[in-house]
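Notes to accompany the following structure.
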Amino acid sequence: MRRDTGAAALLGPLLAGPAQPHQVRRAAQGLGLPERGRYAVVVLAAPAAAVPDADGDGVRWCWCGEAGVVLLGPGGLAGPVARLGAAGAGPGGVSPVVGGLAELGLARRLAGAALLTCGAGTREIVALDERLPTALVASVPELSARLVAEVFGPLLVLAPAERALLVGTLEAWLECGGSVGRAAVRLRCHRNTVFNRLRRLERLTSRSLSHPRELVETVLALDALRLPAGRG
């Protein structure tokens with residue numbers, strides 16, 4: 001597969017979607033691809049030079065600017081994405097697998113949603129299915145900003161170091177499965193210190209970490225806060 005203007009002209013209408021049947025047939029014939037098959041789309045933050053045109057295990061790539069279409073072999077998606085990341089092409093978002101060229105428009109949109117979850121300054125290549133809650137938040141910036149303001153508003157007026165301490169404690173507690181003891185080990189402090197920080201965070205946000213719905217709101221707000229726009 002070659003990254004050239006001919007390939008881009010054939011893939012462009014499919015990636016923009018919804019594709020017409022004649023566009024699907026034309027792309028399949030022009031690129032030598034099956035109309036039905038296991039495809040995924042990768043969207044990079046910017047077009048990159050060090051990206052594959054071909055891969056092992058029956059994998060085939062075709063590029064249209066920052067968007068790459070991959071026809072998967074029997075090995076699945078993990079291998080091609082790992083090799084793309086190793087080439088330093090990120091940040092990038094990866095769609096779920098779709099069943100044919102006619103679905104590339106949907107895959108392009110979903111890959112773009114995954115890209116929105118990438119941290120600023122990173123080279124990570126992330127799959128949408130690994131970032132679904134964050135992608136939901138990131139896809140609607142207005143709601144994302146509102147969620148941060150509503151949940152973490154009182155934290156945002158704290159001194160940066162104090163805010164970072166509380167947010168970091170919440171992150172550690174979540175990553176440790178809600179275990180105060182394990183979070184204390186990770187943070188190298190006493191478990192009572194972790195407990196007191198979490199209680200203070202609950203008071204500031206007016207949300208209980210033991211109430212399922214309020215915990216969901218807090219976690220989604222934390223995801224939104226991690227996004228570049230949220231941190232700004």
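The values are calculated or read from the model by the stated rules, or taken from the named source; none is laboratory data. Small disclaimer: the values here were computed from a predicted structure and weren't measured. In this analysis, Cβ positions are derived from the backbone assuming ideal geometry, glycine residues included, and neighbour counts consider all displayed protein chains. All accessible areas refer to the heavy atoms of the entire protein, side chains included, with ligands and DNA or RNA removed. Shrake-Rupley method; radii C 1.70, N 1.55, O 1.52, S 1.80 Å.
Just to confirm, what accessible area per residue do you get for the chain at 1.4 Å probe, in whole Å²?
Working: 11580 Å² over 232 residues.
The answer is 50 Å² per residue.
Where does each of 98-108, 131-141 land if you order them by average Cβ count within 10 Å, highest first?
Answer by packing, highest mean first, reads 98-108, 131-141.
Quick check: with the 1.4 Å probe, what order do Leu147, Leu11 take by accessible area, largest first?
Details: Leu147 40, Leu11 0 Å².
The most accessible residue leads, giving Leu147, Leu11.
Beta carbons within 10 angstrom, averaged per residue: use that to sort the peptides 188-200, 168-180, highest first.
Top to bottom by mean Cβ count within 10 Å: 168-180, 188-200.
Under a 1.4 angstrom probe, counting protein chains only, how are Arg213, Arg109 ranked by accessible area, largest first?
These residues rank, largest area first, as Arg213, Arg109.
Give me a comma-separated list of calculated 3J(HN,Hα) values for the range 17-26, in order, Karplus coefficients 6.51, -1.76, 1.60 applied at θ = phi - 60°, integers in Hz, x for any Gly or Pro.
x, x, 7, 7, x, 5, 5, 5, 4, 5
Where does helix 5-16 land angle-wise versus the long Cα axis of the chain, in degrees 0 to 90, nearest 10?
Approximately 50 degrees, to the nearest ten.
What figure, in Å² to the nearest 10, do you get for the accessible area of Val59 with a 1.4 Å probe and non-protein molecules left out?
The value for Val59 is about 10 Å².
Can you give the accessible area of Asp57 in Å² (nearest 10), computed on protein heavy atoms with a 1.4 Å probe?
We get 110 Å² for Asp57.
Quick one: pull the percent of accessible area on the chain belonging to carbon and sulfur, 1.4 Å probe, ligands and nucleic acids left out.
Solvent-exposed carbon and sulfur of the chain make up 57 percent of the total.
Quick check on the range 118-194: take the gyration tensor over C-alpha atoms, sort the square-rooted eigenvalues as a ≥ b ≥ c, and tell me if it's rounded (a/c under 1.5), prolate or oblate.
oblate
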